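*Asks:* After the structure tokens below, expect a handful of questions from me.
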Amino acid sequence: MYTRAAARRSSPVAQTDSGAEMPTRSARTIWKGALQTGTGQVELTSSQLGTFDVSFPKRISETAGGSTSPEELIAAAHSACYSMALSGALASSGAVINELDISADVTLGPDPSDGQFKLTGIVLKVRADVSGVDADEFAEIALQAKSNCPVSKALAGVDIHLEATLVDA
């Protein structure tokens, strides 16, 4: 039988610089029915922020119709994680961050290798109101943050395109 406690014991324990154990975050999905006609609900169990509907027809539709999708959840995770990575990198360089507006667009498409689906690309768009760095420094820091972002690392098999714009201060 699989349990959360067993999973934690068998996984390496990540720690902060101070030695504190890093938390594990969880979500779960309950799915009922076949792929084309079934539906599911994704629950954000760690934060208890909500439960969201998912369905395959809405996943591949132009409009989400009140449902989320794995791609939208990945986009949310990626934009949040990258904003933290970029904020940390900019602060380390001495920059002053007024605002980072970061979006992630995640695309699902056919996988020609097996006829199934795969993530075909991610576009991270950054609009930064930052002082203390010039455009070239900002571009270098933004690219480095993309390389150091844990979600970018997890998605290394997907082409991730970065569009970073420094707003004129």
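The values are calculated or read from the model by the stated rules, or taken from the named source; none is laboratory data. For clarity, every value in this text was computed on a predicted model and none was experimentally measured. Please note: Cβ atoms are built from the backbone with ideal geometry, for glycine as well, and neighbour counts cover all protein chains shown. Each accessible area value is taken on the protein alone, full model and side chains, heavy atoms only, with ligands, DNA and RNA left out. Shrake-Rupley method; radii C 1.70, N 1.55, O 1.52, S 1.80 Å.
*Asks:* Scan segment 140-162 and report the pairs whose first residue is in contact (Cβ under 8 Å) with a residue 60 or more places away in the chain and whose second residue is open to solvent by 30 Å² or more (accessible area, probe 1.4 Å) and assigned to a strand (DSSP E or B), with Cβ atoms within less than 7 Å and a gap of 6+ or a chain change.
*Replies:* Taking only residues 6 or more apart or on different chains, the pairs are Lys146/Leu162.
*Asks:* Given the conditions (1) of a type in the set (D, E, K, R); (2) more than 26 Å from Ala145 (Cα to Cα); (3) surrounded by 14 or more Cβ atoms within 10 Å (Cβ to Cβ), report the number of the one that Lys118 does not fulfil.
*Replies:* The single condition Lys118 does not satisfy is (2).
*Asks:* While we're on this one: Say we look at segment 55-98 and pick out the residues that are closer than 16 Å to Asp134 by Cα and in a strand (DSSP E or B); which of these is least open to solvent (accessible area, probe 1.4 Å)?
*Replies:* This residue is Ile97.
*Asks:* Counting only residues that are of a type in the set (Gly, Ala, Ser) and either assigned to a strand (DSSP E or B) or surrounded by 14 or more Cβ atoms within 10 Å (Cβ to Cβ) (or both), how many does segment 130-169 have? First the steps, then the outcome.
*Replies:* The initial filter retains those residues of segment 130-169 that are of a type in the set (Gly, Ala, Ser), namely 131-132, 135, 139, 142, 145, 147, 152, 154, 156-157, 164, 169.
So of that shortlist, the ones also either assigned to a strand (DSSP E or B) or surrounded by 14 or more Cβ atoms within 10 Å (Cβ to Cβ) (or both) come out as 131-132, 139, 142, 145, 152, 164.
Total meeting the criteria: 7.
*Asks:* Conditions first: (1) out of contact with any Pro (no Cβ under 7 Å at 6 or more places or on another chain); (2) under 17 Å from Glu163 (Cα atoms). Cys81 passes all but one, so which condition is the exception?
*Replies:* Only one criterion in (1) out of contact with any Pro (no Cβ under 7 Å at 6 or more places or on another chain); (2) under 17 Å from Glu163 (Cα atoms) is unmet by Cys81, namely (1).
*Asks:* Follow-up. Consider Ser113 against the criteria (1) out of contact with any helix residue (DSSP H, G or I) (no Cβ under 8 Å at 6 or more places or on another chain); (2) open to solvent by less than 30 Å² (accessible area, probe 1.4 Å): it satisfies all of them except one. Which criterion is unmet?
*Replies:* It is condition (2) that Ser113 fails.
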